[in-house]
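To start, the structure under review is shown below, and the notes come after it.
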Amino acid sequence: MDFRGAYQRARRRRSRWNLLLIPAVLLPLVGLWGGAVMLAGLVHAYFHAGQSLRNAHGLGPILATLSPFFAALPLAMWMGNGLVYAIAPARRALDAEAASHPGTAFVDAQAQMRRLAAWLVPAALAGALAGTMLSWG
């Protein structure tokens, strides 16, 4: 992993508008992850009556709760980028920061998130589904 490159990219981000990305990503992340975990609990309860996350142990509940996080993460980042980009002053400031750095524009970032989501979301949801099928008791 190129930590020096990441550090250099982080140093060029001077606009306070970048701080808006934090809640813009965290809110969808919590909603998507929480909804997926609740759905996993309902699917599990359908196949294993009497078992819930409150009294769960083993690999199943770990897969059913952790896998949706990895499915939700690129989707939340994609959504957060879009939400911040919809704010005109933020869009102008972030576009100006990205102008001198090829591959960092909004369109490029969104394309990268789509590519990441294309393989991570199905894999993570498969892991969550596997977790719901295992006994939690």
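Output the number of residues of the range 8-31 satisfying the condition of being at pLDDT 95 or above and farther than 13 Å from Leu83 by Cβ.
So the answer is 1.
Being farther than 19 Å from Gln110 by Cβ and among the polar types (S, T, N, Q), is that true of even one residue in the range 58-70?
Within the range 58-70, one or more residues are farther than 19 Å from Gln110 by Cβ and among the polar types (S, T, N, Q).
Has the range 76-83 got any residue that is part of a helix (DSSP H, G or I), touching a residue at least 40 places away in the same chain (Cβ under 8 Å) and more than 17 Å from the chain's Cα centre (by Cα)?
No, the conditions are met nowhere in the range 76-83.
Step by step: first the residues of the range 40-51, then only those that are hydrophobic (A, V, I, L, M, F, W, C) and without any contact (Cβ under 8 Å) to a residue 12 or more places away in the chain, then the one that is surrounded by the fewest Cβ atoms within 10 Å (Cβ to Cβ). Which residue is that?
At the first step, the residues of the range 40-51 found to be hydrophobic (A, V, I, L, M, F, W, C) are 40, 42-43, 45, 47, 49.
If we keep only those that are without any contact (Cβ under 8 Å) to a residue 12 or more places away in the chain too, we end up with 42, 45, 49.
Values: Leu42: 10, Ala45: 15, Ala49: 7.
Among those that are hydrophobic (A, V, I, L, M, F, W, C) and without any contact (Cβ under 8 Å) to a residue 12 or more places away in the chain, it is Ala49.
The values are calculated or read from the model by the stated rules, or taken from the named source; none is laboratory data. Computed from a predicted model, the values in this text were never measured in an experiment. For neighbour counting, all protein chains shown are included, and Cβ atoms are generated from backbone atoms with ideal geometry for every residue, glycine included.
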